[in-house]
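The values are calculated or read from the model by the stated rules, or taken from the named source; none is laboratory data. Computed from a predicted model, the values in this text were never measured in an experiment. As a convention, Cβ positions derive from the backbone with ideal geometry for all residues, glycine included, and neighbour counts pool all protein chains shown.
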Amino acid sequence: MQSQSSRIPGFYRLSPQERLEKVKSFAGLSDEEAGAIAKQGLDMEQADRMIENVIGTFELPLGIATNFLIDGREYLIPMAIEEPSVVAAASNAAKMARAAGGFVTHATPPLMIAQVQLCNVDDPYAARMEILRMREEIIEKANEQDPVLVKLGGGCKDIEVRVVESRLGAMVVTHLLVDCRDAMGANAVNTMAEAVAPLIESATGGRVYLRIISNLATLRLARAKAVFRADAIGGEEVVEGVLNAYAFAEADPYRCATHNKGIMNGVTAVVLATGNDTRAVEAGAHAYAALRGYKPLTVYEEKDGDLVGTIELPLAVGTVGGATASHPVARACLKILGVKSAQELARVMAAVGLAQNFAALRALATEGIQRGHMELHARNIAIMAGAKGEEVDAVAEVLVRERRVRVDFAQEVLSRLRREGRA
């Protein structure tokens with residue numbers, strides 16, 4: 001149990017260095033780890049080892065969402081994102097959820113699917129039966145590729161075989177179901193798929209083409225639930241407004257796309273901060289939402305006048321390997337979270353996604369999304385107009401008050417404030 005609370009009143013009023021000191025104390029970061037965060041610690045040599053043709057690095061703001069109580073434990077949530085209001089919205093939603101005990105989460109075992117595509121067979125259903133007959137041999141061959149993973153309790157656990165009709169005829173697709181433990185698993189499952197391909201070809205007389213992971217990780221799901229008490233979120237009108245906003249997303253894919261994008265604002269920011277694969281997670285989430293016609297990843301219901309929110313989505317993330325191991329800031333972010341497994345990390349991400357979505361729906365159902373968005377965006381506009389130091393807040397205040405958050409107006413305001421000696 002975390003000894004300190006993630007409820008830090010006035011956190012947003014602190015300077016960046018003061019915030020970092022609070023997080024350093026909460027997570028027990030070393031001076032080196034805190035320093036890596038402060039200077040966005042990926043140097044050119046490290047970057048050059050991570051991808052090809054490196055010419056530099058690209059930085060994003062790294063913020064901390066506060067107030068998260070998940071399964072009875074306090075969390076500070078590192079989020080890497082460029083969009084204003086996301087971190088503040090998640091923190092505010094988490095504070096509201098605390099009134100009823102915070103978030104309750106669950107995750108399935110970390111099973112990933114490797115696909116082996118078999119073509120050029122005249123009897124696809126007979127080929128399917130032959131592959132299933134070889135189940136033990138295929139599993140054994142797959143597990144020979146990663147004895148360390150098997151020793152840790154992971155490895156290939158089973159197979160599935162499907163006949164998929166395509167424009168080029170029937171394909172027999174074998175799924176290797178691989179427990180990846182605390183890794184995301186792409187390298188492990190791809191290696192296993194490569195290894196079993198010759199067995200499948202020799203048994204069926206067909207030809208294997210693709211041997212690759214599926215990012216639709218339907219066996220690796222994370223779920224979260226929170227009760228938002230009516231008196232904590234603004235009353236019964238807010239409950240009704242959120243329920244109507246959810247019903248809109250459920251009924252209309254045009255609205256649903258933005259609904260789910262808001263969820264991923266939170267999830268992807270944590271995925272990126274921890275060095276995980278944002279594209280894999282985004283692809284999996286939206287594909288999962290589309291399995292039964294494109295639908296929201298969250299559900300909202302009313303119980304005893306309060307709002308109950310739940311979320312379920314695939315989250316193929318890891319705490320070992322890849323950038324989570326090689327990027328110093330990603331390592332520090334994992335330490336801030338204090339997660340002990342990939343399943344725990346996925347559960348935390350699900351809670352953040354639910355918080356982010358609730359915050360967006362509440363804003364839409366009350367004052368509208370633009371108010372909070374524009375208050376933060378106004379500072380960026382002020383900077384674009386040339387404001388420096390204390391001028392930034394002075395100009396932003398006028399932009400928000402006048403509801404004219406534009407660069408041309410910001411330039412006018414800045415010039416006027418300078419003439420009057422008020423900036």
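Out of segment 30-39, which residues are loosely packed, with under 14 Cβ neighbours inside 10 Å and either acidic (D, E) or in contact with a strand residue (DSSP E or B) (Cβ under 9 Å, 6 or more places away or on another chain) (or both)? Passing the criteria: D31, E32. Residue pairs whose Cβ atoms lie under 8 Å apart, sitting 6 or more positions apart in sequence or on different chains, and linking a residue in segment 118-139 that is under 10 Å from T174 (Cβ atoms) and in the same structural domain as G205 (by TED's automatic domain parsing) to a partner that is basic (K, R) and outside any loop (DSSP other than H, G, I, E, B), are L118/R207; R128/R162.
Table: residues versus (1) surrounded by fewer than 22 Cβ atoms within 10 Å (Cβ to Cβ); (2) closer than 18 Å to G322 by Cβ; (3) among the acidic types (D, E).
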position: M44; (1), (2), (3): yes, no, no
position: R49; (1), (2), (3): yes, yes, no
position: N53; (1), (2), (3): yes, no, no
position: A65; (1), (2), (3): no, no, no
position: D71; (1), (2), (3): yes, no, yes
position: Y75; (1), (2), (3): no, no, no
position: E83; (1), (2), (3): yes, no, yes
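Here is a list of conditions, (1) surrounded by fewer than 18 Cβ atoms within 10 Å (Cβ to Cβ); (2) part of a strand (DSSP E or B), and A114 meets all of them except one; can you say which number that is? Unmet for A114, out of (1) surrounded by fewer than 18 Cβ atoms within 10 Å (Cβ to Cβ); (2) part of a strand (DSSP E or B): (1). If you go through segment 302-325 and keep only what is of a type in the set (D, E) and either in contact (Cβ under 8 Å) with a residue 24 or more places away in the chain or under 19 Å from L219 (Cα atoms) (or both), you end up with E302, D306, E312.
When you check A170 against the structure, is it surrounded by 15 or more Cβ atoms within 10 Å (Cβ to Cβ), within 30 Å of T310 (Cβ to Cβ) and modelled with pLDDT of 95 or more, yes or no? It is false that A170 is surrounded by 15 or more Cβ atoms within 10 Å (Cβ to Cβ), within 30 Å of T310 (Cβ to Cβ) and modelled with pLDDT of 95 or more.
Pairs are defined by a Cβ separation below 7 Å, a sequence spacing of at least 6 or placement on different chains, a first member in segment 39-67 that is within 30 Å of K95 (Cβ to Cβ), and a second member that is of a type in the set (G, A, S) and in a strand (DSSP E or B); the pairs so defined are L60/A80; L62/A80.
Condition test on I159, is it free of Cβ contacts under 8 Å to residues at least 60 places away in the same chain, under 30 Å from R347 (Cβ atoms) and either surrounded by fewer than 14 Cβ atoms within 10 Å (Cβ to Cβ) or hydrophobic (A, V, I, L, M, F, W, C) (or both)?
yes
When residues in segment 381-397 are screened for being part of a helix (DSSP H, G or I), closer than 21 Å to R13 by Cβ and hydrophobic (A, V, I, L, M, F, W, C), 6 of them pass. At least 2 residues being among the basic types (K, R) and without any contact (Cβ under 8 Å) to a residue 40 or more places away in the chain is the threshold, and among the helices (runs of 4 or more DSSP H) wholly inside segment 167-281 those reaching it are 253-273.
Across segment 86-110, the number of residues qualifying as closer than 30 Å to V208 by Cα and crowded, with 21+ Cβ neighbours inside 10 Å comes to 1.
Assessment of segment 146-164 against the conditions (part of a loop (DSSP other than H, G, I, E, B) and either over 28 Å from the mean Cα position of the chain (by Cα) or outside the structural domain of A195 (by TED's automatic domain parsing) (or both)) yields no matching residue. If the condition is being under 19 Å from A127 (Cβ atoms), surrounded by fewer than 20 Cβ atoms within 10 Å (Cβ to Cβ) and among the aliphatic types (A, V, I, L, M), then segment 174-194 contributes no residue at all.
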